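This is the structure I want to talk about, given as structure tokens.
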Amino acid sequence: YDQAGQLYRQLVTQAGDLSVRASLAMVLENRGSQLRGVDRLPEAASDLREAMAIRTALVDSGAQEYVPGLASSHGEMGLLLLHQGRVTDALHAFEKSVLLRSSQIAAGRDEVQNAYCMSVLNRASCIRELGRRGEALEQIEDVIGARTALASRGFYVPQSLANALHDKATTLYELGRPSMALDAVNEAIEIRQSLLAEGKKHVEDTLATAY
């Protein structure tokens, strides 16, 4: 990512067209995400802020095709803030991501449906952390309904649906409704077991967590 970033910076200086700036933002966001994963948080924040600034400028210039990228930047910033324990700030970042992605869905961009649902789940996680569990549950239920509807239209959503059901189970348990929580977690386990049977090894960790 360091070499790619340097290359795109040179190209921005030489040409500065929209696609090159967008590519630089993508590299910065990816590097920021990697840095967050190894707890190099100040560097991650710097990369994510720069990526967001580039994408904000692109969208403000009228290049609406970069709205999904800007939504992604807000989402990544939300994950970083949540990692830092700044739950309220993370909530605001996820709310911006949700707003941007909902505008894309309203414009007929069905391909962002899954990303939109993930933004809503992240927002609900923050709301739950802030003690507003009833509100969080409502949003999680909305996501489950949306993902079920997506599946009926041919979208591949089993892993993301399992994640939503797991979040529902956690919230229900915290609300003192253990039997309903057990029903939700059993649904999540059933989906993840079917994925594992299909050879989707990436679900092993989340399946273990559900148990």
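Checking Leu150 against (1) hydrophobic (A, V, I, L, M, F, W, C); (2) open to solvent by less than 50 Å² (accessible area, probe 1.4 Å); (3) at pLDDT 85 or above, which single condition isn't satisfied?
The single condition Leu150 does not satisfy is (3).
Can you name every residue in the stretch 133-158 that is over 16 Å from Val112 (Cα atoms) and touching a residue at least 40 places away in the same chain (Cβ under 8 Å)?
Hits for the stretch 133-158 are Arg133, Gly134.
Just checking, which of Leu196, Leu161 is closer than 30 Å to Gly108 by Cα, part of a helix (DSSP H, G or I) and at pLDDT 75 or above?
Leu161
In this structure, does Asp89 turn out to be open to solvent by 30 Å² or more (accessible area, probe 1.4 Å) and closer than 21 Å to Gln193 by Cα?
Details: open to solvent by 30 Å² or more (accessible area, probe 1.4 Å): yes; closer than 21 Å to Gln193 by Cα: no.
Judged against the criteria, Asp89 is not a match.
Hey, another quick one. May I ask you to verify whether Leu130 is surrounded by fewer than 16 Cβ atoms within 10 Å (Cβ to Cβ), farther than 24 Å from Gly69 by Cβ, at pLDDT 95 or above and touching a Lys or Arg at 6+ places or on another chain (Cβ under 7 Å)?
For Leu130, the condition - surrounded by fewer than 16 Cβ atoms within 10 Å (Cβ to Cβ), farther than 24 Å from Gly69 by Cβ, at pLDDT 95 or above and touching a Lys or Arg at 6+ places or on another chain (Cβ under 7 Å) - is not met.
Within the stretch 113-132, which residues are aliphatic (A, V, I, L, M) and either in contact (Cβ under 8 Å) with a residue 60 or more places away in the chain or touching a Gly at 6+ places or on another chain (Cβ under 6 Å) (or both)? Talk me through it step by step, then tell me what you get.
Filtering the stretch 113-132 down to residues aliphatic (A, V, I, L, M) leaves 115, 118, 120-121, 124, 127, 130.
Across the stretch 113-132, there are no qualifying residues.
Answer yes or no: is there a residue in the stretch 20-34 that is buried (at least 16 other Cβ atoms within 10 Å of the Cβ), within 17 Å of the chain's Cα centre (by Cα), at negative phi and of a type in the set (D, E, K, R).
Yes.
Can you tell me which residues in the stretch 65-86 are open to solvent by 40 Å² or more (accessible area, probe 1.4 Å) and touching a residue at least 40 places away in the same chain (Cβ under 8 Å)?
Selection gives Tyr66, Leu79, Leu82, His83, Gln84.
How many residues are open to solvent by 30 Å² or more (accessible area, probe 1.4 Å) and more than 22 Å from Asp110 (Cβ to Cβ) if we restrict to the stretch 55-64?
Residues meeting the conditions: 5.
Taking the stretch 165-185 only, how many residues are in contact (Cβ under 8 Å) with a residue 24 or more places away in the chain and charged (D, E, K, R)?
Total meeting the criteria: 3.
Residue by residue through the stretch 118-176, note down the ones that are of a type in the set (Ser, Thr, Tyr) and touching a Phe, Trp or Tyr at 6+ places or on another chain (Cβ under 9 Å).
Correct list: Ser119, Ser125.
The values are calculated or read from the model by the stated rules, or taken from the named source; none is laboratory data. Just so it is clear, the structure is predicted and the values come from calculations on it, not from any experiment. No Cβ is skipped: glycine too gets one built from the backbone with ideal geometry, and neighbour counts run over all protein chains shown. Ligands, DNA and RNA are stripped out before the accessible areas are found, and what is left, the full protein with its side chains, is counted by its heavy atoms. Shrake-Rupley method; radii C 1.70, N 1.55, O 1.52, S 1.80 Å.
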